[in-house]
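Enquirer: Sending over a structure as structure tokens; questions will come in a sec.
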Amino acid sequence: MSRGADIAIIGAGLVGSALALGLTRHGAQVALFDAGGDDFHASAGNFGLVWVQGKGIEAPVYADLTRRSVALWPAFQAELAEATGHDPAYRRSGGLKIALSDGEFATQTDTLARLHNQRAALNTELMDGDSLRAMIPALGPEVRGGTFCAEDGHADPLATHAALRRATQRAIIRAHIHRIEPTARGFTLHSETGTYEATRVVIAAGLASDALGAPLGLSAHLRPQRGQILVTQRMERFLDLACHTVRQTTQGTVMMGDTKEDVGYDRGTTPMAARAMVARAVRMFPHLADARIVRQWGALRVMSPDGLPVYAQSETHPGAYLVTCHSGVTLAAVHARDVADAIATDRLTDTWPELNQTRLKGAAA
Ligand SMILES: Cc1cc2nc3c(=O)[nH]c(=O)nc-3n(C[C@H](O)[C@H](O)[C@H](O)COP(=O)(O)OP(=O)(O)OC[C@H]3O[C@@H](n4cnc5c(N)ncnc54)[C@H](O)[C@@H]3O)c2cc1C
């Protein structure tokens, strides 16, 4: 059986479903394919930061994109909550990256100076340990200082994803697409349950994107990077703002994380990482020594070679796109608005030429 749509999106993670929401708003007939299954993919396993500080060193386009998304987040949240009843629980609380030694503080100072020189560190300030303890009494004596950015915040990533899935549920087709075939009128998508026709196709399949895109001349040379995260039982509220590796959720649980490990496609967890994450969190917030950890998991980031998003259109098959990034929570609001608008009006490459795949040509996989 063969069915048709204006635009097929492959992958209903945070990236694909945000794009589907925006494209539907344009009146396009969207088919959003997802393989489903128990795949513990990035959208189900992330830390939930909506994070500006530190983004965009040597890449002002990324700093601008991130800041634009943060500006759009309140309206994005309101739209999702109203349409679906799932509140993404976004709070622009401010965000803090903590230094626990003179060395870490010196590195933060240098990084901030570089960002300032590139005008990419707006609203970020360096604070010493005493100023931070005055702001957050739960911080311990080992905190040397940190960088605080008023634009940073956090959201409930699972609620955000659930809201996006609910908002786009009429477009979702559960199917594993194993091949995209170019045709005279567009593309035929092949799955085990049938074939689907679409005028245009957006590949947003996370780490599976390269395999689907390569025959269409789309390759982002993506690689997995594992992050492990811990979560505690509910605790009395002590932290409203988001810290880079510790945050308290609206339910009161505390998330600690997250590692950056190059271990291929292994999503497992290790006691060593758990010990290191707890030790560091306790040095920041000593009372966490009494917290009970209730869960640990690992998930795979979707990393491009230079760490920047990829917004690519195929040169050989112009109706085919590949969209991916490693900050899918932060960028969800701009994906559902500006990036979807650019795809709908065929301006993706003109709008962000720096983020096309040509910059990645020759990159190692
Ligand atoms: C540990 C960790 C912490 C993170 N922390 C943050 C954070 O604090 N803030 C932030 O902004 N970002 C964070 N991220 C990144 C964020 O989670 C990702 O950028 C985002 O989830 C990527 O979403 P995606 O839709 O591209 O990919 P995925 O979530 O991997 O979704 C891809 C989807 O495509 C589907 N799919 C794959 N192949 C096919 C196929 N052939 N046919 C049909 N469907 C297919 C899969 O089933 C899946 O549903 C973190 C990631 C990790 C791993």
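What follows draws every value from the coordinates through simple rules; no lab data is involved. Not measured: the values here are computed from a predicted model. Cβ placement follows ideal geometry from the backbone for every residue including glycine, while neighbour counts extend to all protein chains displayed.
Enquirer: Taking the 0 to 90 degree range and rounding to the nearest ten, how far is the long axis of helix 14-25 tilted relative to the main principal axis of the chain, both from C-alpha atoms?
Expert: 60
Enquirer: Could I ask something else about it? List the residues whose amide H sits under 5 Å from the amide H of ALA31, counting only those 5 or more places along or on another chain, with H placed 1.01 Å from N in the peptide plane.
Expert: Excluding prolines and chain starts, which carry no amide H, the hits are ILE7, ALA8, ILE9.
Enquirer: Here's a follow-up. Take each of the peptides 124-134, 197-207, 260-270, average the number of other beta-carbon atoms within 10 Å over its residues, and list them starting from the highest.
Expert: Taking the mean over residues of other Cβ atoms within 10 Å, the ranking is 197-207, 124-134, 260-270.
Enquirer: State, to one decimal in nm, how far the label point of ALA184 lies from the label point of GLU197, with both points 7 Å from Cα in the Cβ direction.
Expert: 1.1
Enquirer: Using each residue's phi in the stretch 126-141, evaluate 6.51 cos²θ - 1.76 cosθ + 1.60 at θ = phi - 60° and report the 3J(HN,Hα) Karplus result to the nearest Hz, with x for Gly and Pro.
Expert: For the stretch 126-141, the Karplus-derived couplings read 8, 10, 7, x, 5, 5, 5, 5, 5, 7, 10, x, 6, 5, x, x Hz, x marking Gly and Pro.
Enquirer: Let me ask something else about it. Explain nothing, just the number: relative contact order of the stretch 75-189, from Cα pairs under 8 Å at least 6 residues apart, as a whole percent.
Expert: 35
Enquirer: Sticking with this one: What distance in nm lies between label points placed 7 Å from Cα along the C-beta direction at SER93 and ASP290?
Expert: 2.0
Enquirer: A further question on this structure: Please give the helix 157-167 orientation as an angle from the longest Cα principal axis of the chain, in degrees from 0 to 90, rounded to the nearest 10.
Expert: Result, in degrees: 30.
Enquirer: Related question: For the chain, taking Cα atoms only, what is the radius of gyration to one decimal and the Dmax to the nearest whole Å?
Expert: Cα only, the chain: 20.7, 67 Å (Rg, Dmax).
Enquirer: Of the beta bridges DSSP finds with both residues in the chain, what % are antiparallel, to the nearest 5?
Expert: Among the beta bridges of the chain, antiparallel pairing accounts for roughly 70 percent.
Enquirer: With the contact rule set at Cα under 8 Å and sequence spacing of 6 or more, what percent relative contact order holds for the chain?
Expert: Relative contact order comes out at 25 percent.
Enquirer: Could you state the number of Å between the C-alpha centres of the stretch 263-293 and the stretch 126-165?
Expert: Measuring centre to centre over Cα atoms gives 18 Å.
Enquirer: Hey, what number do you get for the chain at 222 nm if only DSSP H runs of n ≥ 4 count, each worth -39500 (n - 2.57), divided across all residues, to the nearest 500?
Expert: Rounded to the nearest 500, it is -8000 deg cm²/dmol.
Enquirer: Determine, from the Cβ-Cβ distance of ALA279 and ALA78 and an R0 of 41 Å, the FRET efficiency 1/(1 + (r/R0)^6), rounded to the nearest 0.05.
Expert: E(calc), rounded to 0.05, equals 0.55.
Enquirer: Let me ask something else about it. How far is helix 60-84 tilted, in degrees, relative to the longest principal axis of the Cα atoms in the chain, given as a value from 0 to 90 rounded to the nearest 10?
Expert: Orientation of helix 60-84: about 80 degrees from the principal axis.
Enquirer: Could you put SER219, SER43 in order, starting from the residue whose Cβ has the fewest other Cβ atoms within 10 Å?
Expert: Going from sparsest to densest Cβ surroundings: SER219, SER43.
Enquirer: Would you list ASP64, ASP152 from fewest to most Cβ contacts within 10 Å?
Expert: Sorted ascending by nearby Cβ count, the order is ASP64, ASP152.
Enquirer: With 10 angstrom as the radius, rank PHE187, PHE33, PHE238 by how many other C-beta atoms surround their C-beta, starting from the fewest.
Expert: Neighbour counts put them in this order, fewest first: PHE238, PHE187, PHE33.
Enquirer: Given bins 10 angstrom wide, list per bin the percent of all Cα-Cα distances in the stretch 250-353, short to long.
Expert: Values per bin, smallest distances first: 11, 31, 25, 19, 12, 2.
Enquirer: Dipole magnitude of the chain about its Cα centre, charges +1 at Lys/Arg Cβ and -1 at Asp/Glu Cβ only, in debye to the nearest 20?
Expert: The dipole magnitude comes to about 420 debye.
Enquirer: Using label points projected 7 Å from each Cα along Cα→Cβ, tell me how many nm separate THR107 and ALA214, to one decimal.
Expert: Inter-label distance under the simple model: 3.4 nm.
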